[in-house]
1. Of everything in the range A:182-213, what is without any contact (Cβ under 8 Å) to a residue 24 or more places away in the chain and either in the same structural domain as A:ALA113 (by TED's automatic domain parsing) or within 14 Å of A:GLY164 (Cα to Cα) (or both)? Give them in sequence order.
2. Determine whether the range A:322-330 contains at least one residue that is of a type in the set (A, V, I, L, M, F, W, C) and either more than 28 Å from A:ALA262 (Cα to Cα) or at pLDDT below 90 (or both).
3. Just to be sure, is B:ARG188 buried (at least 18 other Cβ atoms within 10 Å of the Cβ) and away from every other protein chain (no Cβ under 14 Å)?
4. Taking only the range A:88-114 into account, find how many residues are buried (at least 21 other Cβ atoms within 10 Å of the Cβ) and away from chain B (no Cβ under 14 Å).
5. Could you tell me which residue of the range A:155-193 is surrounded by the fewest Cβ atoms within 10 Å (Cβ to Cβ), considering only residues that are within 22 Å of the chain's Cα centre (by Cα) and away from every other protein chain (no Cβ under 13 Å)?
6. So, A:LEU235, is that one outside any helix (DSSP H, G or I), in contact (Cβ under 8 Å) with a residue 60 or more places away in the chain and within 21 Å of the chain's Cα centre (by Cα) or not?
Amino acid sequence: MTAIPRRSARTTIDSLASATGRGRRPWRLPVLAIVCAGLAAAGCSSSSSPSATAVQGTASVAYASSLTFLNEKVAAPAFTKATGYGYTGRGDSSGALEADIAGKEITPNVFEAVGGDNITPLQPKFTKWYIPYAGTQMVVAYNPKSKYASDFKAYADGSKPLKGLFTLMETPGFKLGRTDPNIDPQGRDFIYMLELAQMYYHLPKDTVSKILGTTDTGTSSSSQIFAESSLDATLQSGQLDASSAFITQAVELHLPYIKLPAAINLGDASLASQYAKATVTIKPPGAPKTTKSGSPQVIDITIIGKPTPAGIAFVKYTLSPAGLAQYKRGGFTLITPTVTGDSSAVPSAVRSELGG
Amino acid sequence: MSWAASPPAHVAGSALRRTVRSASGVASLAGAAVIWVALLGPVITLLAHLSWPQVSAALSVPGALDPLAVSVESGAITLGVLLVLGTPLAWTLARGSLPFPRFWEAGVLCSLLLPPLVIGLLLIFMVGPYTPIGELLGHVHLSATNTFLALVIAEVYESAPYYVLGAQAAFAAVEPAIEEQAALLGDRPSRVARRVSLPLAAPGLAMALAVAWARAMGAFGAVVIIAYHPFGIPLQIWTTLQETGLPTALPFALVLLVVALPLPLAAYIWSARARGRRRG
């Protein structure tokens, strides 16, 4: 074997590189291209975005996590395009957001909560009003490849009486998924729904405990309980037969679902007193036992702290026909927006959207 | 002008070099201090935001320390699994005795590179109740979803690559010539491994195991997907944060630190001393 002298090897490599059009800095051209493309894109976006020329500011929005898809993928881009304001969002359970705002751990301009009872504790320090504008409802999402799929389809299209769904969910080996009632409103809502169904359909008194697999309905210690983020993924991967869901989630994720009557789905604001008959006693980590009761799943919006132009613009946009249409497409029920609380504290631009 | 009064050129040059060296020494020290403080910043912040009454109140709630027991038990089992299954893999990787060694190494690296959350999502497809593995487990009344077994599986996946790669480096650092000499003196391979390779690799193995322990204790991404229940400490922190906010969650972060840190520190000190003795 003939050894190639180092110098000639280097020369060979260099000449090969030149011959193939690559010099000693082969990364230069692609990097320059990427930088140029980035600058060009920045130039294009600054010329097309009204935010750089017309208005400045960013609406910081804290929202219930059931609004994640709608806010991040639908409302935020449309809001920015329509108004020129920027948008930053943070999704979490309404209760956790309320605690974060009260503890000044976050300082959003706008708060969208499921249920006004997550806003009233912030009054009057952070806000004096809120506006309900949309409602959601509980459904039972199901796995179309489950061995019970034909039953689910029959319940969904009404060919079988819905009462049987609750008996089916009691079946030993039935894989049901739900979220933690101690930290997630959906986890509690599902239990309220089961309790209401037990009353509504005159089912045996142990129906709820049989479905949940425990008499301690507020417990976190159940193999049925998943983190909210993984529940849908587990259902979609075919590892569950059915799971709790808000109708909006089911629509967004294209999950097949079974609609429930208004008497039990927590979606009708006029049935608030009926829903309140369902209760769950929970024991959140590091907190004493508390008993919570069912309430209509209404989305409320308010401005936190001193209203900023971007915050006002976001609320105004959300309550506008264009904003509400997005909610309707997402499966929400629209509610005529009316102020709850001190209406004189509502910015005039928002009031004008209410027609007053 | 008196030339006699001026220092010779080479003396001036060495003084300049000393000054430059001391200046660069000070700069390195300052740089190291900045990085060290920055790395410790979150820990310092944690300690600054905690008061003893706050810690005591949070930890005295009945059942508050149950997740600690869950984390320690699952972490201990995870280390056992890694020792039994990960050590032979690390050994064979270090010795290059597997066919297509790069293929095996790439496999370990893949599991290191996958975000824990993704590992959790993929584990659903692998060990979920309606998968072949899940159904097999179901026959013996076990489940790899939302159970202690699921927690151990998630922790093994999150910590295994750290142990295997660390152990591989520890075995690779053992001079093959020493093992060959032991073999030439008549020791069987098992005796060479027991009397030569393992003791020489032990400090590195201890460090790898300690890092794996810390990873298992802090495992969250895969755990939150397939093992929501029973709670270990990371999930305890997360659920407490969700429900009652930061002040109640922070004491559990301290618990995690207190439990996860001593083993890596002890392993580091022992490993450093062992290396020092060998050099000495």
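The values are calculated or read from the model by the stated rules, or taken from the named source; none is laboratory data. Keep in mind that what you see is a predicted model, and the values were worked out from it rather than measured. Glycine also receives a Cβ, built like all others from the backbone with ideal geometry; neighbour counts cover every protein chain displayed.
1. Within the range A:182-213, A:HIS202, A:PRO204, A:VAL208 qualify.
2. no
3. no
4. Of the residues in that region, 7 qualify.
5. A:ILE191
6. Against the criterion (outside any helix (DSSP H, G or I), in contact (Cβ under 8 Å) with a residue 60 or more places away in the chain and within 21 Å of the chain's Cα centre (by Cα)), A:LEU235 does not qualify.
Residue-wise test of (1) closer than 28 Å to A:PRO77 by Cα; (2) of a type in the set (Ser, Thr, Tyr); (3) surrounded by fewer than 18 Cβ atoms within 10 Å (Cβ to Cβ); (4) in contact with a Ser or Thr (Cβ under 7 Å, 6 or more places away or on another chain).
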residue: A:ILE264; (1), (2), (3), (4): no, no, no, no
residue: A:ALA276; (1), (2), (3), (4): no, no, yes, yes
residue: A:THR281; (1), (2), (3), (4): no, yes, yes, yes
residue: A:PRO284; (1), (2), (3), (4): no, no, no, yes
residue: A:SER293; (1), (2), (3), (4): no, yes, yes, yes
residue: A:ILE303; (1), (2), (3), (4): yes, no, no, yes
residue: A:LYS328; (1), (2), (3), (4): yes, no, yes, no
residue: A:ILE335; (1), (2), (3), (4): yes, no, no, no
residue: A:SER348; (1), (2), (3), (4): yes, yes, yes, no
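Rundown of residues vs (1) away from chain A (no Cβ under 13 Å); (2) under 15 Å from B:ALA222 (Cβ atoms), yes/no style:
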| residue | (1), (2) |
| --- | --- |
| B:GLU105 | yes, no |
| B:LEU109 | yes, no |
| B:LEU113 | yes, yes |
| B:VAL118 | no, yes |
| B:PHE125 | no, yes |
| B:GLY128 | no, yes |
| B:GLY134 | no, no |
| B:HIS141 | no, no |
